[in-house]
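The values are calculated or read from the model by the stated rules, or taken from the named source; none is laboratory data. Bear in mind that the values here come from a model prediction, so they are computed numbers and not experimental data. Glycine gets a Cβ as well: all are built from the backbone with ideal geometry, and neighbour counts include every protein chain shown.
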Amino acid sequence: MQRDADIIAEEGGIMPLENVPVDVICKHTRDGELIPIKMRVQDEEGEYQTYTIKAYRTIAGSQNEAVLPNGVLVTSMLKSFECKISVFGTEKRIWLYYRYADSVWMLKMF
């Protein structure tokens, strides 16, 4: 049975096949900065797994627009973060995207 998140499990952790909607706990600073803190994603059995964001950096483009190395266009309507999480003791690099238009967080693994 295929899940909504379309994620497969591997021994080394999670790996979405495409951009996947995820739950994210974040902090909004008084300066308007958005900071991802934790994310939650469903595993292959449909159970939620929670990961703490160990480090992040905001991806910004010139003139409110940029194309990331993975081909995603970042505009003022899409906030993009490169993050590090720990999965079974192994550090993984992920991309989190926040779409302002519909308040949805998306995940993409490397």
- How many residues does the range 68-87 contain that are at pLDDT below 75 and either surrounded by fewer than 13 Cβ atoms within 10 Å (Cβ to Cβ) or among the acidic types (Asp, Glu) (or both)? 2
- Query: Consider residue 45 against the criteria (1) surrounded by fewer than 13 Cβ atoms within 10 Å (Cβ to Cβ); (2) in a strand (DSSP E or B); (3) at pLDDT 80 or above: it satisfies all of them except one. Which criterion is unmet?
  - Reply: (2)
- Name the pairs whose Cβ atoms lie under 9 Å apart, with the first residue in the range 96-108 and in a loop (DSSP other than H, G, I, E, B), the second of a type outside the set (Phe, Trp, Tyr), and 6 or more positions between them or separate chains? 100/76; 100/77; 100/78; 100/79; 101/77; 101/78
- Item | Members of the range 92-103 found to be over 14 Å from residue 81 (Cβ atoms) and either under 11 Å from the mean Cα position of the chain (by Cα) or acidic (Asp, Glu) (or both), listed by number | 102
